[in-house]
Amino acid sequence: MAAETIPLTGPSHDMFFSQPGSSRVSSRAPSRRQSLSSGRGSGSGSASASRTSLVRRSVDLEANHKDEADEILFKAPDDDDGEHEHAEYNIPLLNPGDREAEEEEELLLFDGPMSATRGTMAAGIANMANSIMGAGIIGLPYAIAQSGLVMGIVLLVAIAGLTDWTIRLVVVNAKLSGRDSYFEVMHHCFGPLGSGAVSFFQFAFAFGGMCAFNVIIGDTIPHVVAWVLPFTTHHAWLGFLVDRRFVIVLCTIAVSFPLSLHRDIVKLSKSSSFALVSMAIIVASVVLRGVAVDPSLRGDPLEALSLIRPGVFSAIGVISFAFVCHHNTMFIYRSIQTPTLDRFNAVTHASTGMALAGSLLMAVTGYVVFTDKTEGNILNNFAPDDWVINIARFCFGANMSTTIPLENYVCREVIEDYFFKDRPFSKTRHIVVTSLIVFTAMLVSLVTCDLGVVLEVAGGLSATALAFIFPAAAYYALVRGPWYTRQKLPAVACAGFGLVVLLLSCGLTVAKAWRGEGAAKQCT
């Protein structure tokens with residue numbers, strides 16, 4: 001059966017994107033390899049020769065690959081002017097075999113030795129699943145308590161499915177526009193306003209996450225130390241071991257900062273694997289100890305079986321925040337060995353599937369046990385001397401230490417793209433920018449243990465914009481046709497959903513602060 005194609009539009013050229021089931025995307029948008037060839041030569045003459053050589057070599061290789069069913073194709077835009085104005089060169093973007101070696105050679109030539117490093121699909125799954133299953137998972141029982149058991153489960157499944165689609169949509173938009181980053185896609189679709197907006201929200205979400213993770217480290221690890229070494233609590237000299245500020249500084253210097261210095265996100269896959277094991281221990285601890293928890297800590301059992309409750313929109317914001325990893329999407333995509341759409345789709349499905357399974361187990365179990373007593377951090381519902389939960393608290397704090405580098409990677413790449421895009425890599429700049437980001441986030445967490453309304457609003461804005469509004473809006477801009485067509489209508493619905501959640505989530509947060517509900521948390 002012939003592949004169905006969707007006509008697309010860009011600023012200068014028409015493009016055609018094959019539907020899922022089709023095996024290729026063809027366009028006049030630039031691929032990263034050609035952009036590198038054209039932008040980093042010694043002059044216009046050498047750049048043109050490099051592009052022409054790359055195109056001709058690609059055409060020769062294509063002639064040797066008769067079976068094109070698994071190829072993703074792009075048409076070189078730079079050849080539309082000059083001597084190749086009427087040529088129809090199709091360039092295999094990411095093919096197996098010899099093509100892989102040639103791409104690595106091009107990466108080494110133009111981007112340096114770090115750029116050609118590629119990870120396995122398992123490494124990509126570990127990084128993405130770790131990015132999804134972050135701090136938000138311990139707040140999911142509270143989301144169920146706000147929305148009701150039945151509605152909460154429906155929301156979890158629906159938002160997980162929508163997240164899976166929009167993560168893949170980020171990469172599809174990059175293919176359609178011929179760009180290789182979220183920043184460039186938004187600039188291609190909406191100009192400087194789009195690139196500025198996505199840069200702001202990416203940085204705000206990732207930096208806010210780093211601050212929140214440091215706060216969590218300060219709230220969990222000292223309790224574990226006090227449980228293991230109870231004499232330190234009142235000791236004159238060793239009391240600093242249970243001081244949250246000392247713990248935050250120690251974890252930052254010993255764990256988060258060294259990991260954050262890695263240029264390559266692939267090298268974070270091992271720490272991400274450790275973080276996933278830690279998250280599995282946390283979920284298992286809540287499930288196992290929830291069954292045997294002291295009756296005095298349990299909530300009203302009559303509250304367990306609830307259909308829907310007034311806090312539905314608050315729950316949507318919490319669940320959306322828990323599942324957002326779109327700011328990491330293009331970095332993870334480029335880290336995969338032979339990053340085709342099919343391979344990335346498999347990584348995305350596996351990661352969101354793992355996240356959904358863990359989220360459902362944590363959310364339902366935690367809520368059914370504590371019902372109306374469910375707190376925002378489900379671990380706080382358990383006794384301070386529960387040894388199993390203290391292990392979970394330690395794992396959670398350690399998980400946050402290894403997740404901070406992923407968020408730092410995003411912050412650093414946003415700064416590089418926005419301010420230093422046309423400059424070569426500088427080791428000094430790399431260390432300075434990384435240090436500023438990591439230690440500024442540490443300082444914020446030292447002066448407060450409750451980021452308050454400002455970060456709550458910023459997080460809600462960033463999560464909703466990055467996950468639902470921007471990917472759908474970019475796809476809408478790239479696809480030709482009226483808004484009600486089968487191709488564009490899902491994007492319209494997704495963007496509308498994101499806008500509603502954004503307004504309601506922020507509105508409810510501001511209203512809660514205005515009414516003075518909830519006292520500011522005091523650091524202990």
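Quick look at the values:
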{"item": "Some residue of region 354-364 being without any contact (Cβ under 8 Å) to a residue 40 or more places away in the chain, small (Gly, Ala, Ser) and under 30 Å from Leu307 (Cβ atoms)", "result": "yes"}
{"item": "Helices (runs of 4 or more DSSP H) wholly inside region 366-469 that include at least 2 residues being of a type in the set (Val, Ile, Thr) and modelled with pLDDT of 85 or more", "result": "387-419, 427-447"}
{"item": "Test for Met133: is it of a type in the set (A, V, I, L, M, F, W, C) and under 23 Å from Ala441 (Cα atoms)", "result": "yes"}
{"item": "Answer from Ala346, Ala357 - the residue that is assigned to a helix (DSSP H, G or I) and either out of contact with any helix residue (DSSP H, G or I) (no Cβ under 9 Å at 6 or more places or on another chain) or surrounded by fewer than 15 Cβ atoms within 10 Å (Cβ to Cβ) (or both)", "result": "Ala357"}
{"item": "Checking Tyr333 against (1) in contact with a Pro (Cβ under 8 Å, 6 or more places away or on another chain); (2) hydroxyl-bearing (Ser, Thr, Tyr); (3) surrounded by fewer than 20 Cβ atoms within 10 Å (Cβ to Cβ), the condition it does not meet", "result": "(3)"}
{"item": "Of all residues in region 156-175 being open to solvent by 10 Å² or more (accessible area, probe 1.4 Å) and β-branched (Val, Ile, Thr), the one that is farthest from Phe331 (Cα to Cα)", "result": "Val157"}
{"item": "Residues located in region 222-260, provided they are of a type in the set (Gly, Ala, Ser) and either surrounded by fewer than 21 Cβ atoms within 10 Å (Cβ to Cβ) or in contact with a His (Cβ under 6 Å, 6 or more places away or on another chain) (or both)", "result": "Ala226, Ala236, Gly239, Ala254"}
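The values are calculated or read from the model by the stated rules, or taken from the named source; none is laboratory data. Keep in mind that what you see is a predicted model, and the values were worked out from it rather than measured. For neighbour counting, all protein chains shown are included, and Cβ atoms are generated from backbone atoms with ideal geometry for every residue, glycine included. Note: accessible area is taken over every heavy atom of the protein model, side chains too, but ligands, DNA and RNA are not part of it. Shrake-Rupley method; radii C 1.70, N 1.55, O 1.52, S 1.80 Å.
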